[in-house]
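**Q** One structure follows; several queries about it will come next.
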């Protein structure tokens, strides 16, 4: 597992390298954005990590337009069952994606209808209309992804939830160098999750991430600078008697990974391929035997 994590770290966290820390974001229904960052130095298992190449709005856009799903159902312990819908906004350039994400708290709405009231003069439609005017049932998110140049992508997002008092803002700039990938990120507040599933809000989280482009053989490295401002607290009023992780306290931390990788090809078939015959496994179309070795280290300061 450590070798898998080291390879993931030095290759830039997956998704082409450099678009996230090796402590990958985790998918979560607790927020409209649908993601939370792992606590530095306390990574979550890779099996529950979230990929970095497709954001939550892009996922909803795919379901709406390519799978004919007008609404998506989401569930979490708080706020419960919710219905989500994404509306694409018109833009002036094909390099700009903008969308409005809406969420309706279905479970809270149904529960409010079941509650007994002393208002016996209202009709059922008036009762439903009164409950629908409750702002705590709704959440809205605005996201924008702009391709500034072939090597620069700017991501902006704003989430407001009616059932919570916290508005979440995020700004990310991705830049591709010839042999490196740079990621600049600012989130306020930043949402983090530890390996025990506890969520923490940091008032302001800044990150600078530099990763060498992954290669088949040779040296690779990954550097990340974190800076937190303000004291962390349990997410959205969660009741927790635990102390916040040390790496989330105000201050600066640096994380690095370095590795040497070598691939050796032992044998490769020289048989000609049949043009009209495709094997069940694509790897069988080019049979070969190879060996790979990796050695390196990770460090958190």
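The values are calculated or read from the model by the stated rules, or taken from the named source; none is laboratory data. As the structure is a computational prediction, the values presented were derived from the model and not from experiment. So basically every Cβ, Gly included, is an ideal-geometry build from the backbone, and we count neighbours across all protein chains shown.
**Q** Wholly within the stretch 62-173, which strands (runs of 3 or more DSSP E) include no fewer than the required count, namely at least 2 residues that are under 30 Å from residue 210 (Cα atoms)?
**A** In the stretch 62-173, 96-104, 138-149, 152-161 are the strands (runs of 3 or more DSSP E) which contain 2 or more residues that are under 30 Å from residue 210 (Cα atoms).
**Q** Among the residues of the stretch 28-57, count how many are in a helix (DSSP H, G or I) and at pLDDT 70 or above.
**A** Selection size over the stretch 28-57: 2.
**Q** Looking only at the stretch 259-279, decide whether some residue is in contact with a helix residue (DSSP H, G or I) (Cβ under 8 Å, 6 or more places away or on another chain) and either at pLDDT 70 or above or assigned to a strand (DSSP E or B) (or both). Can you show your working first?
**A** Here is the first cut: in the stretch 259-279, the ones in contact with a helix residue (DSSP H, G or I) (Cβ under 8 Å, 6 or more places away or on another chain) are 259, 261, 273, 278-279.
Then keep just the ones that are either at pLDDT 70 or above or assigned to a strand (DSSP E or B) (or both); that gives 259, 261.
Yes: one or more hits.
**Q** Please go through the stretch 208-242 and pick out each residue that is modelled with pLDDT under 85 and closer than 24 Å to residue 31 by Cα.
**A** 235, 236, 237, 238, 239, 240, 241, 242
**Q** Now a separate question. Hey, can you tell me all the residues within the stretch 121-147 that are within 30 Å of residue 174 (Cβ to Cβ) and either exposed (fewer than 15 other Cβ atoms within 10 Å of the Cβ) or out of contact with any helix residue (DSSP H, G or I) (no Cβ under 9 Å at 6 or more places or on another chain) (or both)? Full working, then the answer.
**A** We begin by selecting, within the stretch 121-147, every residue within 30 Å of residue 174 (Cβ to Cβ); these are 139-147.
Matches in the stretch 121-147: 139, 140, 142, 144, 146, 147.
**Q** Follow-up question, since we're still on this one. Return the residues of the stretch 154-188 that are surrounded by fewer than 18 Cβ atoms within 10 Å (Cβ to Cβ) and under 20 Å from residue 56 (Cβ atoms); say none if nothing qualifies. Before you say what the answer is, go through the steps one by one.
**A** Residues of the stretch 154-188 surrounded by fewer than 18 Cβ atoms within 10 Å (Cβ to Cβ): 154-156, 158, 160, 162, 165-167, 169, 171, 173, 175, 177-180, 182, 184, 186.
Those that are surrounded by fewer than 18 Cβ atoms within 10 Å (Cβ to Cβ) and under 20 Å from residue 56 (Cβ atoms): 154, 155, 156, 158, 160, 162, 166, 167, 169, 171, 173, 186.
**Q** Show the residue pairs meeting these rules: Cβ distance below 6 Å; 6+ apart or different chains; first residue within the stretch 203-220 and over 22 Å from residue 250 (Cα atoms); second residue at pLDDT 80 or above and assigned to a loop (DSSP other than H, G, I, E, B).
**A** 213/179
**Q** So, one more: Considering the stretch 60-86 alone, what residues qualify as being surrounded by fewer than 12 Cβ atoms within 10 Å (Cβ to Cβ) and farther than 25 Å from residue 199 by Cβ?
**A** Initial filter on the stretch 60-86 (surrounded by fewer than 12 Cβ atoms within 10 Å (Cβ to Cβ)): 65-68, 70, 73, 75, 77.
Passing the criteria: 65, 66, 67, 68, 70.
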